[in-house]
There are 2 protein chains.
Amino acid sequence: MNGEIICIGTEILLGDTLNTNSKYLSQELSHLGINVFYHSVVGDNPERLESTIELALQRSDIIIATGGLGPTQDDLTKETFSHLLKIPLVPHHSSLEHIQAIFNCSHSKMTENNIKQSYIPLGSTPIPNDKGTAPGVIIEKDDKVIILLPGPPKEMKHMFSIHVKPFLAQKTETHFFSRYYRIIGVGESTLESELMDIIDKQYNPTIATYAGNHEVLLRLTANADSQEQASQILQPFEDIIMKRMGENIYGGKNDLLETIVGKLLLAKNRSFSIAESCTGGLVASKLTKIPDISKVFHSGVVCYSNDAKENIIGVSPETIEKYGAVSAETAKELCQKLFLHTKTDIVMAITGIAGPGGSTETKPVGLVYIGMLYKGDILVKELRLRGDREDIQERAAKLALNLLREKLNTIV
Amino acid sequence: MNGEIICIGTEILLGDTLNTNSKYLSQELSHLGINVFYHSVVGDNPERLESTIELALQRSDIIIATGGLGPTQDDLTKETFSHLLKIPLVPHHSSLEHIQAIFNCSHSKMTENNIKQSYIPLGSTPIPNDKGTAPGVIIEKDDKVIILLPGPPKEMKHMFSIHVKPFLAQKTETHFFSRYYRIIGVGESTLESELMDIIDKQYNPTIATYAGNHEVLLRLTANADSQEQASQILQPFEDIIMKRMGENIYGGKNDLLETIVGKLLLAKNRSFSIAESCTGGLVASKLTKIPDISKVFHSGVVCYSNDAKENIIGVSPETIEKYGAVSAETAKELCQKLFLHTKTDIVMAITGIAGPGGSTETKPVGLVYIGMLYKGDILVKELRLRGDREDIQERAAKLALNLLREKLNTIV
C-alpha cells in the first residue's frame, strides 16, 4: 500500500508555516508499514488543488490530505475531492450539532459559513473533532482510501491517533512496533556511548536517539508480524536499556515529565508547595496542567523580587544581604519559610540567574540553586546551566521536577 | 514567474527529517515576488523522481530542487534533470579541485564515487559550496530556470543567500511586501465577517487570516515594484483594519503577547503582581521570560488551594464559603489582599475552573474570573472559555495579558 500526503494551505507555500503535519503523518504511516512515496503542498487555488488531487488519485492507494476543511470560502478540500470522486456532499447532522454546541458553550453566534463545515461526502465516515469545529472524513472508493483531516496540528494529530491509526492498522499486514523511552539528566552523546555496543550491531530491532527539549528520546523498533513477536524481539533490548539507563528514564513516548511527577505526587499522596525565583512560575504552571493536581499542589510563590522573598515568604533581609538572592543559603531559607505558611510534605525552592543580565564575577548566568525540604531535611543542589534565558529557565524547571521525581520514587 | 520547490530525500518521506528547506526557500522566493505554487517531496527512486521532475518542468518557470547531489548511487538529481533536459553532464575542473582539497585537508583519501559530484550539466553555472563538497548548479533552458542545491540546510541556505538570491532578484520585476497583524479576543470567522467587504474584493493587496494559538494572524500582501509603492497600496487597507479591529491588534508577525505586555509594563514603569489559581502560574511564567522584567514584576502567587488563598494571600474564609473560590467576589478580594503584601501599581487575580473536574451545575468548566486592581478601582471580568484543560488555562492567561495590555495602553 503506497501513501501520499497532501497539505493544503497557502501559508505553507508562503513559508509562513512549517509543514510539521507531513513529518508526523509520514512517521505514523511508516510505523504502520505504509510506504509514503510523495508529499505535496498546494494552496487554495481551485485549479491547482484539483490537478494535485487528481494526480494523487492516479498514483497512490492511500491519500491523507490536511487543511482546507474550515468555514471560509478558501476551504475547498472536501468540495474538490467530492467533485473528482463524483460523490455529492450531504449534511451530517451530528457534526452540525457538535459545531452548534461549541458556539453555544462560548455564548457566541454561529455564522452561516460555519454550517458548510458539517457537510461530508455521501457514504463516507466522519471523524469527530474533539479539539475544534471541522470534522474529518474517511472515504473509501475503488480500492482507494482517502482521509481528510483539518490543518491545525493539535486537531489533526488527535484525530489521527484516535480514529485513523486503528482504521489503517486493519488495512496493513506487516507492522513496525516501537517502544520509546524518555531520558533526562544525560546528553545524547553520553547516551549513545553507553549503548554503543547495541547501537552498532542493530538490525531488528533498530535503535535511534533524538535530542529533545533538554532530554533525549530513545526509540526501539521491531519489524514483526504480531505484538507478541515484537515483544519477544524488543524485551531483551529493553532489559539492557533499563539496566544501564533506568534511573534516567522517566517515561514513554507521550509522557511529559510534569505528568509523571504529578501522578507520583497523587499516588504517594504528598502535598507540595514551591517558591520560584528565576523560573518565574514555570514549575507551578507545568504541574497545574495536570487534572486533579489540586488535591496535592498547595501553592507556588513566584518570588521574583527580593521584596517578595522577604515580605511574602519571609526570608530574612540579612540572608539575602550576606549571601545574595542567588545562593544555597537563600534557597534553603526559602524552603524553610515557605513551609511555615504551607505545611506541605515537600517544599521546593529555585533561585538562579537566567540572564542575560544579573551576573557577577563569582555568579555567572546559568548558576541555579534548587532546594528541597522533606521531613525536616534540606537538600540543596547547585547547577551550572548553559543556553539563553529561556533554555536556562526550562532546564532548571525540568531538573527541579526530576529531583522531585527521584525523591518521590524513594517514598514507599 | 511561478516557482516550485522539490525536496529529494527518503528521510523526509520516512518522517525522520522535518522539511525546513521548503519553508526557507518559500519565504525567500515570496520576498522576491516569485509565487510558489507547489512543494513536492520525492525519494531516490528513479522512476518517481523522473515523473516528479517532468511534471515540474511542465508546470513551473522556476524549479528549485534540494538533495540528491551527493556521491552515492542513490544521488540522482543532476542525472535526472540532465536526461529530461537533454543536456550532457561534463566534468567541472574547479569543483573537482575543491572536493580534492577538502579530502586533503582532512587527510583522507578521496574515493572514486566522489568524482561524480564535480560533474555539471553542459553550459550550466556551478554554485560553489563553501560548507560541503557537492556544488550546486543554475541551469537556464527554454525560459525555465532550474536551480539544484544540496540537501543539508546549512549548505543550502548559505549557497542560496550568497549566489542564488542575487541571481533571482535580477530575473524578477515585481516583489511582494507583506504586513502582519496579530489579533486577540476575536475568532477567525468573526474577523472574516468584520472584513468581508475587503476580503471579497481582494486583488492587490491580498488578505489572508490564519487561526493561531487562541489568536488570529492577519496578512496583507501587496504586489509592487518598490517599498514605497507597496506602502501606498497597503496603507488604505491597514487604515480600514486598524479602524475596525485596532483594539484587538497587539502586534506584528514575530511579536508575542507577553513580550508586548512586558515591554509596556517597562515603558510605563508600572509595578505588577498577580494571584493565579486556575492558570497555575502561566501568566507569571510567560512574563518572566522577558529579560529585565524583574524591574517591574514584583511577584506572583499560585494560590491553587483554598488554604493558599486564605493563608498566603489572606482572603477571608467567609468570602470563599459564601461565594465560592471561583467567583467575582473572590477574584476581587484576591486583588485587594495581594495588594496589601505587594503594594504594586497593578494587581491582577485569576480564578476559574479549568476542568475536567470541579464543575457544578451553576459553575461549568471554563468559567473564569479575572480581576484587576489599579489606583483603588477594581475591574472583574467573567469569561466562559471552551476547550480542554490546557486550552482553558492558555486562553485565560492570554486574555488576562490582553486585559493588562488594554489597561497599560490607557496609561499615559
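The values are calculated or read from the model by the stated rules, or taken from the named source; none is laboratory data. Predicted model only: the values in this text are computed from it and were never measured. When we count neighbours, we look across all protein chains shown, and the Cβ atoms used for this are built from the backbone with ideal geometry, even at glycine.
Could you list, in sequence order, the residues of segment A:205-254 that are in contact (Cβ under 8 Å) with a residue 60 or more places away in the chain, part of a helix (DSSP H, G or I) and closer than 24 Å to B:Gly15 by Cβ?
A:Ile241
Among the residues in segment A:316-339, are any closer than 21 Å to A:Asn409 by Cβ, touching a residue at least 40 places away in the same chain (Cβ under 8 Å), assigned to a loop (DSSP other than H, G, I, E, B) and of a type in the set (Ser, Thr, Tyr)?
The answer is no; no qualifying residue exists.
Looking at A:Ile102, A:Ile63, which one is under 29 Å from the mean Cα position of the chain (by Cα) and more than 11 Å from chain B (Cβ to nearest Cβ)?
A:Ile63
Residue by residue through segment A:295-307, note down the ones that are over 19 Å from A:Gly280 (Cβ atoms) and surrounded by fewer than 19 Cβ atoms within 10 Å (Cβ to Cβ).
The answer is A:Lys295, and nothing else.
Report whether or not B:Ile350 is facing chain A (nearest Cβ under 9 Å), crowded, with 19+ Cβ neighbours inside 10 Å and either part of a strand (DSSP E or B) or over 34 Å from the mean Cα position of the chain (by Cα) (or both).
It is false that B:Ile350 is facing chain A (nearest Cβ under 9 Å), crowded, with 19+ Cβ neighbours inside 10 Å and either part of a strand (DSSP E or B) or over 34 Å from the mean Cα position of the chain (by Cα) (or both).
Being within 9 Å of chain A (Cβ to nearest Cβ), out of contact with any strand residue (DSSP E or B) (no Cβ under 9 Å at 6 or more places or on another chain) and surrounded by 21 or more Cβ atoms within 10 Å (Cβ to Cβ) is the requirement here; does B:Lys286 meet it? Even if it seems obvious, please write down each step before you answer.
Details: within 9 Å of chain A (Cβ to nearest Cβ): yes; out of contact with any strand residue (DSSP E or B) (no Cβ under 9 Å at 6 or more places or on another chain): yes; surrounded by 21 or more Cβ atoms within 10 Å (Cβ to Cβ): yes.
Yes, satisfied.
Which condition from (1) touching a Ser or Thr at 6+ places or on another chain (Cβ under 7 Å); (2) under 14 Å from B:Leu399 (Cα atoms) is the one that B:Tyr304 breaks?
With respect to (1) touching a Ser or Thr at 6+ places or on another chain (Cβ under 7 Å); (2) under 14 Å from B:Leu399 (Cα atoms), B:Tyr304 is out only on (2).
Taking segment B:150-201 on its own, how many of its residues are assigned to a helix (DSSP H, G or I), within 30 Å of B:Asn213 (Cα to Cα) and polar (S, T, N, Q)?
Qualifying residue count, segment B:150-201: 3.
Just give me the residues in segment A:353-388 being at positive phi and more than 12 Å from every other protein chain (Cβ to nearest Cβ), in sequence order.
A:Gly366, A:Lys375, A:Gly376, A:Gly387
Could you pull out the residue among A:Ile162, A:Ile147, A:Ile139 that is within 27 Å of A:Asp75 (Cβ to Cβ) and in contact with a Pro (Cβ under 6 Å, 6 or more places away or on another chain)?
Checking each option against the conditions leaves just A:Ile139.
Quick one: which of B:Thr66, B:Thr20 is buried (at least 24 other Cβ atoms within 10 Å of the Cβ) and either in contact with a helix residue (DSSP H, G or I) (Cβ under 7 Å, 6 or more places away or on another chain) or at pLDDT 95 or above (or both)?
B:Thr66
Tell me, please, whether a residue that is within 18 Å of A:Leu282 (Cα to Cα), touching a residue at least 12 places away in the same chain (Cβ under 8 Å) and of a type in the set (S, T, N, Q) can be found in segment A:385-398.
yes
Looking at segment A:87-94, is at least one residue under 28 Å from the mean Cα position of the chain (by Cα) and not hydroxyl-bearing (Ser, Thr, Tyr)?
To start, the set of residues in segment A:87-94 that are under 28 Å from the mean Cα position of the chain (by Cα) comprises none.
No, there is no match, as no residue in segment A:87-94 is under 28 Å from the mean Cα position of the chain (by Cα) and not hydroxyl-bearing (Ser, Thr, Tyr).
Tell me the residue from B:Leu373, B:Leu401, B:Leu383, B:Leu379 that is outside any helix (DSSP H, G or I), under 28 Å from the mean Cα position of the chain (by Cα) and either surrounded by fewer than 19 Cβ atoms within 10 Å (Cβ to Cβ) or among the aliphatic types (A, V, I, L, M) (or both), please.
Values: B:Leu373 fails: under 28 Å from the mean Cα position of the chain (by Cα); B:Leu401 fails: outside any helix (DSSP H, G or I); B:Leu379 fails: under 28 Å from the mean Cα position of the chain (by Cα).
The unique qualifying residue is B:Leu383.
State which residue pairs qualify: first residue facing another protein chain (nearest Cβ under 7 Å) and inside segment B:6-31, second residue in a loop (DSSP other than H, G, I, E, B) and of a type in the set (Asp, Glu) in any location, beta carbons under 9 Å apart, and separation of 6 or more residues or different chains.
Short answer, once both residue conditions are applied: B:Lys23/A:Asp16; B:Ser26/A:Asp16; B:Gln27/A:Asp16; B:Ser30/A:Asp16.
Could you check A:Gln27 against (1) assigned to a helix (DSSP H, G or I); (2) in contact with a helix residue (DSSP H, G or I) (Cβ under 9 Å, 6 or more places away or on another chain); (3) at pLDDT below 95 and say which number it fails?
Condition not satisfied by A:Gln27: (2).
What number goes with the only condition from (1) surrounded by 12 or more Cβ atoms within 10 Å (Cβ to Cβ); (2) within 20 Å of A:Leu401 (Cα to Cα) that A:Thr190 does not pass?
It is condition (2) that A:Thr190 fails.
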